[in-house]
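What follows is a set of notes on a single structure, which appears directly below.
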Amino acid sequence: MLTLFTNRYQAYQPPQGVPVRITLGAPRFKLPYSLTHAVRELAPRRDYLSWPEPEFTKAYRASLDRLGPAWIAGRLKAIAAVENDHRLVLLCFEDLSKPDLWCHRRTFASWWKDSTGDEVRELSPMADQYEQGTLM
């Protein structure tokens, strides 16, 4: 079993599940928790980070398609097995409570839902809504 959530580094809290870095770089600020795991393949490539959202989304989703849901699930399930916790929280930097912000973690969540049928809920406040995730 695998239960995925997304959040930002600054809003994550250990009871939410296992933190997993999905950014190219690690946070350069002190975290109040250990960040042991990273799946760098889920980070967007540097060459399209500055692209407008539609072009970024197309390129990022194509990158996820090349990896495929089975490969990604395998990587994530390996982390869940090591930690003995099916709840993984995929982390990046963006504060989605600010209007007009978007980020790759939510693009991943949308792609994952399209690919597997499984929801990936955001645990931090979002500008247009608040998605409350479960801690079970």
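Laid out as a table, the results:
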| read-out | value |
| --- | --- |
| Residues located in the range 59-74, provided they are closer than 19 Å to TRP102 by Cα and loosely packed, with under 13 Cβ neighbours inside 10 Å | ALA62 |
| Evaluation of LEU24 against (1) more than 14 Å from LEU4 (Cβ to Cβ); (2) in contact (Cβ under 8 Å) with a residue 60 or more places away in the chain; (3) of a type outside the set (Val, Ile, Thr) (one fails), failing number | (2) |
| Hits in the range 1-42 (condition: in a strand (DSSP E or B) and charged (D, E, K, R)) | ARG8, ARG21 |
| Within the range 79-96, considering residues that are in a loop (DSSP other than H, G, I, E, B) and under 19 Å from THR23 (Cα atoms), the one modelled with the highest pLDDT | PHE93 |
| Residue tally, condition not basic (Lys, Arg) and not in a loop (DSSP other than H, G, I, E, B), over the range 43-58 | 7 |
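The values are calculated or read from the model by the stated rules, or taken from the named source; none is laboratory data. From a predicted model like this one, the values you see are computed outputs, not experimental measurements. A quick note on method: Cβ atoms are made from the backbone with ideal geometry, for glycine too, and the neighbour counts reach across all protein chains shown.
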